[in-house]
Amino acid sequence: MPPAASEALTLALAEACRDPHAVTEPYGEDDGVVRMIVTKQAFAVLLIGQAMKTITVLQVTYLG
């Protein structure tokens with residue numbers, strides 16, 4: 001992934017760590033657990049762990 005796309009995704013993921021539901025979108029049905037973060041050139045599918053306050057990146061896709 002080019003540096004600019006990587007930086008944008010990294011900054012978006014950092015924002016998701018602060019407030020995951022405010023800066024992410026539902027992935028399929030909005031269950032509040034599996035979410036997506038989307039930038040111009042990439043997206044990531046996230047698993048939001050509310051009890052342990054964790055975010056697990058399940059998939060990263062570069063759109064090129």
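The values are calculated or read from the model by the stated rules, or taken from the named source; none is laboratory data. Quantities reported herein were computed from a predicted structural model and do not represent experimental measurements. When we count neighbours, we look across all protein chains shown, and the Cβ atoms used for this are built from the backbone with ideal geometry, even at glycine. When the accessible area is computed, the model is the full protein with side chains, heavy atoms only, and any ligands, DNA or RNA have been set aside. Shrake-Rupley method; radii C 1.70, N 1.55, O 1.52, S 1.80 Å.
For segment 1-46, GluC sites (Glu not before Pro) meeting the loop criterion (DSSP other than H, G, I, E, B) and having at most 13 other Cβ atoms within 10 Å: 29. When the surface is traced with a 1.4 Å probe over the full set of protein chains, residue 60 keeps roughly 80 Å² accessible.
Across all directions, the shadow cast by the convex hull of the chain built on its C-alpha atoms averages 4.1 square nanometres. In whole percent, how big is the carbon plus sulfur part of the accessible area of the chain, probe 1.4 Å, protein atoms only? Result for the chain: 57 percent of the exposed heavy-atom area is carbon or sulfur. Between 0 and 90 degrees, the angle of helix 3-18 with respect to the longest Cα principal axis of the chain falls at about 20 degrees. In this structure residue 10 has an accessible area near 80 Å², from a 1.4 Å probe over the protein heavy atoms.
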